[in-house]
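Data first, discussion second: the structure below is written as structure tokens.
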Amino acid sequence: MCKISYNMGIRMKIVFVIPNMTGGGTERVISLLSKEYIKMGIDVAIMQFAGYENAYELDKNVEDFSIAPRSDGNPLVIIRRIVNMRRYFKKEPDCLIFSFCVMGAVFSVIASMGMKRCILVAERSSPDSCKQVRLRNWAYKRADRITFQTNEGITYFPDRIKAKAVVIPNPIDADIPEPYTGKRTHRIVTVGRLHEVKNHALILEAFADFADTFPDYKLHIYGRGELESKLKDQAQSLGISDKVIWHGFVKNVKEEIRDAAMFVSASNYEGISNSMLEALAMGIPSICTDCPIGGARSYIENGRNGILIPVHDKAALVEAMTKIASDGSFAAGLSVNAAKLKDKYSAESIAKSFLEAAGFSQSI
């Protein structure tokens with residue numbers, strides 16, 4: 001809980017600290033929380049410290065700004081970043097700092113030294129993937145509260161950090177489309193950046209085997225990233241280029257995928273996949289790897305509202321895809337049960353949970 005008392009005579013302000021807003025799952029969560037806080041009468045700022053882009057439509061009252069470009073290791077840019085952060089925090093003496101990344105926490109702690117600022121850090125990925133563990137733990141020990149997406153994530157940290165930990169799941173946008181009720185298209189969809197951790201290579205390999213039995217299905221890949229050329233070459237070598245459609249980043253992706261036959265996520269590790277969560281809430285039969293740090297299993301009851309498969313297991317993925325494609329009643333059952341998640345994880349309730357984690361009642 002924050003060690004400061006909020007001045008009730010001043011309007012509350014939350015400052016989200018994030019590298020950029022280019023379209024990832026974390027950025028999506030920030031956009032949803034920002035909307036809810038504006039509704040609550042709380043001022044919101046989004047401080048981008050390594051870029052200028054924003055892929056999401058924000059409320060007009062959200063202050064969205066950048067304090068520096070990408071540093072690429074340039075110490076002068078890093079110093080400029082911290083100086084600009086500190087200048088802003090001095091200008092906003094009553095702000096709450098919500099950092100949604102490791103380096104954001106590091107910079108926020110340094111930039112606010114000597115100031116009484118409430119710092120909440122949201123741990124968003126698998127902790128064992130961090131390459132700067134000592135620096136991360138140094139910053140986390142100086143923050144007031146650390147939020148995790150799963151209980152498993154907390155176990156990676158020393159006791160001093162565990163004592164500040166609270167689990168808060170991801171929110172589901174209330175405006176997502178209602179579950180599709182007609183005949184589903186023969187499309188398999190996956191949504192996420194084209195990065196090694198998402199393991200699109202496994203999806204391509206499994207789809208190639210699946211397509212031998214179900215040749216009328218196509219694989220639709222939504223997302224962009226550094227592996228795009230390599231993955232396209234892989235699709236070519238597997239002989240499925242004519243069955244794989246590459247969409248890049250699409251703002252209205254939820255509307256585009258709502259009638260898909262199934263959603264697939266093959267991540268090697270992940271906190272909580274927003275695309276998985278939204279696919280479930282829209283009632284799309286979903287297959288996800290049961291990867292660290294337990295995000296998928298926090299929402300999926302295997303065989304009831306989705307299918308969990310082991311990480312890197314191509315055979316299990318092909319089997320799961322085949323089960324959904326060949327058993328209509330099973331797929332329909334997954335859809336009905338998954339859609340129930342929408343009400344359980346509303347953006348409004350999750351936004352209030354973050355406030356309570358910081359030590360403020362939802363009545364503020």
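Identify, please: which residue in the range 150-182 is in contact with a Lys or Arg (Cβ under 7 Å, 6 or more places away or on another chain) and in a loop (DSSP other than H, G, I, E, B) and is, among those, modelled with the lowest pLDDT?
Filtering the range 150-182 for residues that are in contact with a Lys or Arg (Cβ under 7 Å, 6 or more places away or on another chain) and in a loop (DSSP other than H, G, I, E, B), the one modelled with the lowest pLDDT comes out as ILE176.
Does at least one position in the range 52-68 carry a residue that is crowded, with 16+ Cβ neighbours inside 10 Å and in contact with a Pro (Cβ under 7 Å, 6 or more places away or on another chain)?
no
For a quick check of your reading of the model, give me the residue pairs whose first member lies in the range 249-260 and is closer than 14 Å to GLY182 by Cβ, whose second is surrounded by 15 or more Cβ atoms within 10 Å (Cβ to Cβ) and among the polar types (S, T, N, Q), with beta-carbon atoms closer than 7 Å and at least 6 apart or on different chains.
Every condition considered, the pairs that remain are ASP259/THR185; ALA260/THR185.
Taking the residues in the range 23-49 that are touching a residue at least 40 places away in the same chain (Cβ under 8 Å) and in a loop (DSSP other than H, G, I, E, B) as candidates, determine which candidate is surrounded by the fewest Cβ atoms within 10 Å (Cβ to Cβ).
The qualifying residue surrounded by the fewest Cβ atoms within 10 Å (Cβ to Cβ) is MET40.
Kindly check whether there is at least one residue in the range 136-144 that is touching a helix residue (DSSP H, G or I) at 6+ places or on another chain (Cβ under 6 Å) and surrounded by fewer than 14 Cβ atoms within 10 Å (Cβ to Cβ).
No, the range 136-144 contains no residue that is touching a helix residue (DSSP H, G or I) at 6+ places or on another chain (Cβ under 6 Å) and surrounded by fewer than 14 Cβ atoms within 10 Å (Cβ to Cβ).
Can you confirm whether ALA281 is in contact with a Leu (Cβ under 7 Å, 6 or more places away or on another chain), buried (at least 21 other Cβ atoms within 10 Å of the Cβ), touching a residue at least 60 places away in the same chain (Cβ under 8 Å) and among the hydrophobic types (A, V, I, L, M, F, W, C)?
Spelling it out, ALA281 is indeed in contact with a Leu (Cβ under 7 Å, 6 or more places away or on another chain), buried (at least 21 other Cβ atoms within 10 Å of the Cβ), touching a residue at least 60 places away in the same chain (Cβ under 8 Å) and among the hydrophobic types (A, V, I, L, M, F, W, C).
Restricting to the range 114-134, name every residue that is within 26 Å of LEU33 (Cβ to Cβ) and not charged (D, E, K, R).
Those that are within 26 Å of LEU33 (Cβ to Cβ) and not charged (D, E, K, R): MET115, CYS118, ILE119, LEU120, VAL121, ALA122, SER125, SER126, PRO127, SER129, CYS130, GLN132.
Here is a check on your reading of the model: is SER126 out of contact with any Ser or Thr (no Cβ under 7 Å at 6 or more places or on another chain) and buried (at least 19 other Cβ atoms within 10 Å of the Cβ)?
When the stated conditions are applied, SER126 passes them.
Residue check, CYS288 against (1) part of a strand (DSSP E or B); (2) surrounded by fewer than 17 Cβ atoms within 10 Å (Cβ to Cβ), all met but one. Which one?
Condition (2) is where CYS288 drops out.
Would you say SER298 is in a helix (DSSP H, G or I), assigned by TED's automatic domain parsing to the domain that holds ASN199 and farther than 16 Å from VAL264 by Cα?
It is true that SER298 is in a helix (DSSP H, G or I), assigned by TED's automatic domain parsing to the domain that holds ASN199 and farther than 16 Å from VAL264 by Cα.
Taking VAL133, is it on the phi < 0 side of the Ramachandran plot, surrounded by fewer than 20 Cβ atoms within 10 Å (Cβ to Cβ) and in contact with a Ser or Thr (Cβ under 6 Å, 6 or more places away or on another chain)?
No.
Looking at GLU348, GLU319, can you tell me which residue is part of a helix (DSSP H, G or I), touching an Asp or Glu at 6+ places or on another chain (Cβ under 8 Å) and surrounded by fewer than 18 Cβ atoms within 10 Å (Cβ to Cβ)?
GLU348
Going by what's in this entry, would PHE107 be described as assigned by TED's automatic domain parsing to the domain that holds SER71, assigned to a loop (DSSP other than H, G, I, E, B) and either of a type in the set (Lys, Arg) or within 22 Å of VAL29 (Cβ to Cβ) (or both)?
So PHE107 does not fit the description; no.
The values are calculated or read from the model by the stated rules, or taken from the named source; none is laboratory data. Predicted, not measured: the structure shown is a model, and the values here were computed from it. Note: ideal-geometry Cβ built from the backbone for every residue, glycine included; neighbour counts use all protein chains shown.
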